[in-house]
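Report on the structure given below.
The values are calculated or read from the model by the stated rules, or taken from the named source; none is laboratory data. Fair warning: this is a prediction, and the values are worked out from it, not measured in the lab. Cβ placement follows ideal geometry from the backbone for every residue including glycine, while neighbour counts extend to all protein chains displayed.
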Amino acid sequence: MHDKALIAAKLDRWENFMRSYHLPTFEELPDMPFYVDQIIIIAKKYLSFIPNPEADDPFITTSAVNNYVRMKLMPPPIKKRYGRMHLAYLIMICCLKQSLPMMQIKKILPYDTEEESIRETYNAFSNVVSNTALAFIQQVRDAAKIMNSERTTEREVEEFVLSAAVSSVLYCVFIEKLLRLPKKYDMWDQNQN
């Protein structure tokens, strides 16, 4: 059974956090060479909205970064150094992997080593995150009102938690169906009509 007051307080905190959160633009990302451990630390800072309950099981690891390169989700490092474009890829991958399998992420993100293309893709991604967060904040605000109501029953609290879980599943199914459709153009190419 979930604690209504605890959920309401968490929703309020989450709304406040999301209101001030934003991904940096490509130009705001540090532009210098990093070793893999350094790029992981920086990416975690930018992805602070992703919970990491198990300190022993981090969501970004050296082996994960190596796998992203091996799977061609991001370009290989240059002389064991990662740059701003790698950081942009790592942020996008880690954000998307919260709900998508790697093969779907590979369909969404272009594999490109041209910095201009990566800059445009990442900045578009950052804008999508910001715009989606605004809609999400309204949903969180509405849910917090329900949880703060004296009339909300324990059953309604449980249904709210279940509804959030089912919504997540339905969005994953929806994206799977969208990714199976044939592509007419690159979704990140802003020069398309």
Legend entry - Restricting region 2-50 to residues that are among the polar types (S, T, N, Q) and part of a loop (DSSP other than H, G, I, E, B), the residue that is surrounded by the fewest Cβ atoms within 10 Å (Cβ to Cβ): 48
Legend entry - Hits in region 113-123 - residues which are surrounded by fewer than 17 Cβ atoms within 10 Å (Cβ to Cβ) and either in contact with a Phe, Trp or Tyr (Cβ under 7 Å, 6 or more places away or on another chain) or not in a helix (DSSP H, G or I) (or both): 113, 114
Inset, instruction - Test residue 150 against the criterion of being in a helix (DSSP H, G or I), among the acidic types (Asp, Glu) and more than 13 Å from the chain's Cα centre (by Cα), and give yes or no. - result: no
Inset, instruction - Please name all residue pairs, on different chains or six or more residues apart, with Cβ atoms under 6 Å, provided the first residue is in region 29-42 and is closer than 18 Å to residue 122 by Cα and the second residue is outside any helix (DSSP H, G or I). - result: 39/82; 40/60
Legend entry - Hey, residue 59 among the aromatic types (Phe, Trp, Tyr) and within 24 Å of residue 120 (Cβ to Cβ) or not: no
Legend entry - Residue among 161, 169 that alone is at pLDDT 80 or above and either in contact with a Phe, Trp or Tyr (Cβ under 9 Å, 6 or more places away or on another chain) or closer than 30 Å to residue 103 by Cβ (or both): 169
Legend entry - Number of the exception - residue 74 against (1) surrounded by fewer than 17 Cβ atoms within 10 Å (Cβ to Cβ); (2) in contact with a helix residue (DSSP H, G or I) (Cβ under 8 Å, 6 or more places away or on another chain): (1)
Inset, instruction - For region 86-93, state whether one or more residues are outside any loop (DSSP other than H, G, I, E, B), of a type outside the set (Ser, Thr, Tyr) and more than 22 Å from residue 42 (Cα to Cα). - result: no
Inset, instruction - Go through 130, 99, 126 for me and flag whichever is in a helix (DSSP H, G or I) and modelled with pLDDT under 90. - result: 130
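In region 121-146, which residue that is free of Cβ contacts under 8 Å to residues at least 60 places away in the same chain and among the hydrophobic types (A, V, I, L, M, F, W, C) is farthest from residue 10 (Cα to Cα)? Give the steps one after another, and end with the answer.
Residues of region 121-146 that are free of Cβ contacts under 8 Å to residues at least 60 places away in the same chain, as a first pass: 127-128, 131-132, 134-135, 138-139, 142, 145-146.
Those left that are additionally among the hydrophobic types (A, V, I, L, M, F, W, C): 128, 134-135, 146.
On the way: 128: 24, 134: 18, 135: 18, 146: 13 Å.
Filtering region 121-146 for residues that are free of Cβ contacts under 8 Å to residues at least 60 places away in the same chain and among the hydrophobic types (A, V, I, L, M, F, W, C), the one farthest from residue 10 (Cα to Cα) comes out as 128.
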Legend entry - region 152-170: number of residues that are under 11 Å from residue 4 (Cα atoms) and not hydroxyl-bearing (Ser, Thr, Tyr): 7
Inset, instruction - May I ask you to list pairs of residues, at least six apart or on different chains, whose Cβ atoms are under 8 Å apart, with the first in region 92-120 being more than 25 Å from residue 31 (Cα to Cα) and the second being surrounded by fewer than 15 Cβ atoms within 10 Å (Cβ to Cβ) and not aliphatic (A, V, I, L, M)? - result: 99/168; 99/171; 99/172; 100/172; 104/176
